[in-house]
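What follows is a set of notes on a single structure, which appears directly below.
Rule-based calculations on the coordinates, nothing more; no lab input. This is a predicted model, so every value here is computed, not measured. In this analysis, Cβ positions are derived from the backbone assuming ideal geometry, glycine residues included, and neighbour counts consider all displayed protein chains.
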Amino acid sequence: MKISKEGFMGSGLTVPVLLLILWWAGSNAGWWNAFLLPSPERVMESFILSIRDGELQRHVWASLERIIKGFGLSAVMALSFALLCSWFPRILVHMEPTLEFFRHIPPMSTVPLLILWFGIGEAPKIILIILATFFPVYMNALQGIRDCDPKLTEVATVFGYSKWYRFRYVILPSAIPSILTGLRLGLGYSWRSLVAAELVAASSGLGYMILDAEQLSRSDVVLMGIFVIGTLGAFLDYGFLWGIRRYLKRGIEA
Amino acid sequence: MSWLKIRNLKKKFYLEDMDVDALNGIDLEIEEGGFLVIVGRSGSGKTTLLRILAGLECETEGEILFKGRKCGPDSPLPVGMVFQEPRLMPWLSVENNILFPFLPGGISGELHQKALDILKMLGLEGYENAMPHQLSGGMAQRVALGRALSCDPEIVLMDEPLGALDYFTRRALQRELVRIYLHGGKTFLMVTHDVGEALRMGTRVLVLKDGKIEASIPVPLEYPRDRHSETFQSLLDEVLTALDDA
């Protein structure tokens, strides 16, 4: 998000600010029960307290650590598998029905089995993230590679490029936009699945923090947790895009 | 020993319910340093012939001999090719598109200078850092020509390179191509639908019909050619008659 030339109105901040004002006004006017929807001041108070005693940082770090491990592993596996399938299409012929089967299983439905097999430690949460993010990354990467314009690979053939060089200098760069779309989607899915996993079996993390707050009837902490998740997710996405753009500017050409 | 010899070249395409003979026994000798223009109706085999020479298709029968050596996938012809569309890599700058044939080996300072020289020759000085989407159709096609010339090929193949351009850009690029041909000492093979263009540019015009050579017409005219001259008009009639027969 950036402040555009149109100023504040064009920055995308108008809607959140209007909602905040409405929320604040409604809370102060007593339009709803403060237990069901606490005021912004109350949520902010919980946020500051949580930061002061270090609880929020602990939960955020626990969640981020799982995201880094799960999404990192998933991205490496999905991209490698997409490359392998594009290089050896026979693999895909054998694997496609199996992959289709797994693609349609909601990751959350595997939680009971994952807990049974791996306990309530870190492993089931990481595996859940992998299950949730593998397919968007894999499918977008494979599609990007498949969609490479054959007219461009013909140019490389005319100039004597080997199969590997055609892949390295033509197919891969042309697939980058699709690969990035898949990675962004995967990153988003990893957040969703992580919070779901932490709601089920965890002793740390933002999902756990929300569940714990629910049991203590602290709707202000629940709301704070939701805001932190949304804000962190958006910042991760912007950060990811920013990093990729810098990398691309520096020279995917090289 | 001829420079480039094509012997009984045949190409058959296997479609679902029929076989199509795209080339039906082409016998042709191409002299070094010439500008051969191939004309013919759609489906006459012009592009197929060019694609076989570029190594993009395999012949069904026949052979291509270059300086007495048989050409094939392991010993391709030393060609650079310009397609109907520029086919520039959208993620590469103009300079790196020109140097595309050298990317796997790495771009040295010498090659950088070579790209700048080519851009100067093509009238694209200052555009080295531009991206393909910032270029007009004519400029992009010039970059494609620069890319074909950058690897210093002995033969430049062009498959209707000016076909997608407007009249004025087309005329400007025709003059540009002739200038490059006259100064480069390379052999040019070009496919076109435009008979006037063929006679303005070529030293020989080849008329293809049903995958065979219908006529091979030398063009003994100096550049720049006057299309109102008697010889030009009589050659135009000759090519058109051959095409009508085709």
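Structure summary
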item	result
Formal net charge of residues neighbouring A:Pro107 (Cβ-Cβ distance under 15 Å; K, R +1; D, E -1)	+3
Computed lengthening from B:Val20 to B:Leu116, 0.36 nm per intervening residue step minus Cα-Cα distance	30.1 nm
Shape call, the stretch B:13-96: gyration tensor on alpha carbons, a/c limit 1.5	oblate
Rounded to whole Hz, the Karplus (6.51, -1.76, 1.60) HN-Hα couplings of the stretch A:178-186, x for glycine and proline	5, 4, 5, 4, x, 5, 5, 4, x
Distance between the stretch A:152-221 and the stretch A:30-101 - C-alpha centres, whole angstrom	9
Set of lysines near B:Lys114 by C-alpha distance (under 30 Å), chain-local residues within fewer than 8 positions excluded	A:Lys151, A:Lys163, A:Lys249, B:Lys67, B:Lys186
Listed residues A:Ser162, A:Ser50, A:Ser39, most fluctuating in chain A (Gaussian network, C-alpha, under 10 Å)	A:Ser162
Kirkwood-based Rg to Rh ratio, chain A, C-alpha trace	1.07
Cα-centre dipole for the stretch B:68-133 with unit charges at Cβ (Lys and Arg positive, Asp and Glu negative), debye to 20	300
Sequence-separation-based contact order of the stretch A:127-234, relative, with Cα cut under 8 Å and 6+ spacing, percent	28
If the convex hull is drawn through the Cα atoms of the protein assembly as shown, its volume per residue in Å³	222
Compactness relative to 2.2 N^0.38 Å, alpha carbon Rg of the stretch A:177-229	1.36
Hz values of 3J(HN,Hα) by residue in the stretch A:159-172 - Karplus curve (6.51, -1.76, 1.60), Gly and Pro given as x	8, x, 5, 6, 4, 5, 5, 4, 5, 5, 9, 10, 5, 5
Residue (of B:Ser234, A:Gly233, B:Leu116) at the positive-pole extreme of the protein assembly as shown, dipole from beta-carbon charges	A:Gly233
Candidates B:Leu182, B:Leu99, B:Leu119, ranked by Gaussian network fluctuation over chain B, Cα under 10 Å, top entry	B:Leu182
Rg to Rh, two decimals, where the stretch B:101-246 supplies the alpha carbon set and Rh follows Kirkwood	1.02
Vicinal HN-Hα couplings computed from phi for the stretch B:142-159 (Karplus, 6.51 cos²θ - 1.76 cosθ + 1.60; Hz; Gly/Pro x)	5, 5, 4, 5, x, 4, 5, 7, 4, 8, 6, x, 7, 10, 10, 9, 9, 9
Mean ellipticity per residue at 222 nm, deg cm²/dmol - from DSSP H runs of n ≥ 4 across chain B, formula -39500 (n - 2.57)	-10500 deg cm²/dmol
Charge sum, other residues only, whose C-beta stays under 10 Å from A:His59's C-beta, Lys/Arg counted +1 and Asp/Glu -1	-2
Most to least packed among B:50-61, A:235-246, B:211-222 [average Cβ atoms within 10 Å]	B:50-61, B:211-222, A:235-246
Listed residues A:Phe88, A:Phe159, A:Phe227, most fluctuating in chain A (Gaussian network, C-alpha, under 10 Å)	A:Phe159
Built amide H within the under 5 Å cut-off of B:Lys209, gap 5+	B:Glu214
Pairwise centroid distance, computed over Cα atoms, of the stretch B:1-60 with the stretch B:140-191, Å	20
Helix-only mean residue ellipticity at 222 nm for chain A, each DSSP H run of n ≥ 4 adding -39500 (n - 2.57), per residue, nearest 500	-26000 deg cm²/dmol
Antiparallel bridges, percent of DSSP beta bridges restricted to the protein assembly as shown (to nearest 5)	55
Hits among lysines - C-alpha to C-alpha of B:Lys212 under 18 Å, sequence gap 8 or more where chains match	B:Lys5, B:Lys10, B:Lys11, B:Lys12, B:Lys46
